[in-house]
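Down below is the structure, laid out as structure tokens.
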Amino acid sequence: MATDATSPARLTIWSQVKALAGSPMAPYYFIAASVSILVGLGTLMVLSASSAYALHNQVDPYYYVTRQLVFVVAGIVFAVIFSRIKPDLLRKLGWPAWALAVVLLILVLSPLGQHSRGNQNWLALGPGVQFQPSEFAKLALVVWCGAVFHLKRGRLHEPAQLAIPLIPLGGLILALVLAGKDLGTGLIIGLILVLVMWFIGTPLRVMIPLGTAAAVLVGLLVYGSGNRMSRISIFLDPQSNTDLSSQPMSALYALASGGWWGLGLGASRQKYGGLKDNAHTDFIFAVIGEELGLFGALLVIGLFALLGWAGLAVAMRSDKMFNKVVASGVTGWFLSQAVINIFVVMHLLPVLGVPLPFISYGGSAMLACLMGTGVLLALARDTPDARAYLASRKKKSRPRMTSVMAATKED
């Protein structure tokens, strides 16, 4: 007897994937799963990649991964807390978050600011209390953009409403970051602003002049810095045999020697050479390619692609302007930073000093990314289909009061 072609036994893998992707809570679970794997893989690779640097600094081999685990645990706690906050409350925090980000970035430029590798992007609030406000400014900027455009949702067809106050006040955060000479983080913040404007439908007659002005500004910042000009020269001539060229060339050697399946976990050679200082930070993707091979590199890229699809699905499924803007902004932040980092490692861009989200060593970046993940999860729970699904589950889980009356039979 012929079986029905639509029966569960005849479902193809593709149809099952489509059914899973179309379920109300699919973006929520895909975001949680992809970020969890990225953080787990990143912690493992920090352990492997930082061992050589720890040996060089004569500290315990587990020193850096132990510090990273502290921030991972703290970040997970913040992610869980943020994932349970109602989007309406997050929207109310938009302006306070922007104000706090501006204050902290101003303090970075004060005597409280700390220099690191030519940039003044750290803030010291006491002995052993240092962090990078610019990492948290990314999340504050996205939430603030959501709050602004939520109020303007009925007037987004007017170019003036799209540009004000986004350009002057968002540009203030960008200017404060650039004042600390952190061009890499400034580039990410600029991309966040551009992506948010593009997502809400800003016309090309507004985007093109802004893009041109931004390109001219970047060119002037690069031309006015000898260090940045050296990075451009090395990008154009990677075999110049200078100290600065050792990192990009070592990254290419690492990726080339990894092959299909890699040399094995902990077997990287380049982390003892040109990548030594940055093997566990900005160039950790090169160590992944060397130790885990093309399989490991494609796994990381695939996880970011899954995260990107899930984040944009939240934005497309949402029925509130705040949720749409914030979901797309956080997703654009993660993806643009990941693409820039990977392109730098593959020598498709000059060295910019941008960490790989969820994977590179760094407490501020890890905390900020996991907080952003929590916000994204909160928005994933607030799509119309997700709200209906969660409400139906809540009804089904309510306890029912029943009474049993025993019948007695008279003799």
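The values are calculated or read from the model by the stated rules, or taken from the named source; none is laboratory data. Remember, it's a predicted structure, so these values are computed and weren't measured experimentally. To get the accessible areas, we keep the full protein, side chains included, count just its heavy atoms, and leave off ligands, DNA and RNA. Shrake-Rupley method; radii C 1.70, N 1.55, O 1.52, S 1.80 Å.
The residues of the chain present an accessible area of 51 Å² per residue when probed at 1.4 Å with all protein chains retained. Dimensions of the stretch 233-332 from C-alpha coordinates, computed as largest minus smallest value along each principal axis and given longest first, are 54, 33, 20 Å. Rounded, prolate or oblate, given the Cα gyration tensor of the stretch 162-319, with a/c below 1.5 counting as rounded? In terms of gyration-tensor shape, oblate. What would the Debye formula give as log10 I(q)/I(0) at q = 0.13, 0.24, 0.27 Å⁻¹ for the alpha-carbon point model of the stretch 127-194, no solvent? Values, matching the q order: -0.41, -1.03, -1.19. Karplus-derived 3J(HN,Hα) values for the stretch 147-154, using 6.51 cos²θ - 1.76 cosθ + 1.60 with θ = phi - 60°, are 5, 5, 6, 5, 5, 9, 4, x Hz; glycine and proline are entered as x. Under 5 Å between amide hydrogens, built in the peptide plane, is the criterion, and for N121 it picks out Q114, S116 among residues at least 5 positions away or on other chains. Shown for the stretch 144-183 is the translational diffusion coefficient from the Stokes-Einstein equation, using the Kirkwood radius over Cα pairs, a temperature of 10 °C and a viscosity of 1.306 mPa s: 143 µm²/s. Normalised by 2.2 N^0.38 Å, where N is the number of residues, the alpha-carbon radius of gyration of the stretch 320-400 equals 1.53.
The stretch 143-241: D in µm²/s via Stokes-Einstein (Kirkwood Rh, Cα pairs, 4 °C, 1.567 mPa s)?
On the way: Rh = 15.1 Å.
For these conditions, the coefficient is 86 µm²/s.
In plain terms, if you count all Cα to Cα distances in the chain and split them into 10 Å steps from zero, the share in each step is 4, 20, 29, 25, 13, 5, 2, 1, 1, 0, 0 percent. Please compare each pair in K18/K324; K92/K138; K86/K394; K324/K396; K86/K324; K152/K394 to a cut-off of 26 Å on the Cα-Cα distance and tell me which ones are over it. Where the Cα-Cα span goes over 26 Å, the pairs concerned are K324/K396; K152/K394.
Expressed in units of 2.2 N^0.38 Å, where N is the residue count, the Cα radius of gyration of the stretch 94-135 is 1.15.
Taking each pair of different alpha-carbon atoms in the stretch 322-361 once, compute 1/r for the pair, average those values, and report the inverse of that mean as the Kirkwood hydrodynamic radius in Å to one decimal. Don't skip to the end; give the middle numbers.
Details: mean 1/r = 0.0918 Å⁻¹.
When all Cα pairs of the stretch 322-361 are included, the Kirkwood radius is 10.9 Å.
Based on alpha-carbon atoms, the Kirkwood radius and the radius of gyration of the stretch 258-313 give Rg/Rh equal to 1.09.
Pairwise inverse Cα distances across the stretch 1-126, averaged and inverted, put the Kirkwood hydrodynamic radius at 19.8 Å.
Hey, if you drop one equal point scatterer on each alpha-carbon of the stretch 59-105 and run the Debye formula without solvent, what base-10 log of I(q)/I(0) do you get at q = 0.21, 0.23, 0.27, 0.33 Å⁻¹? Rounded to two decimals, the profile gives -0.83, -0.87, -0.93, -1.00.
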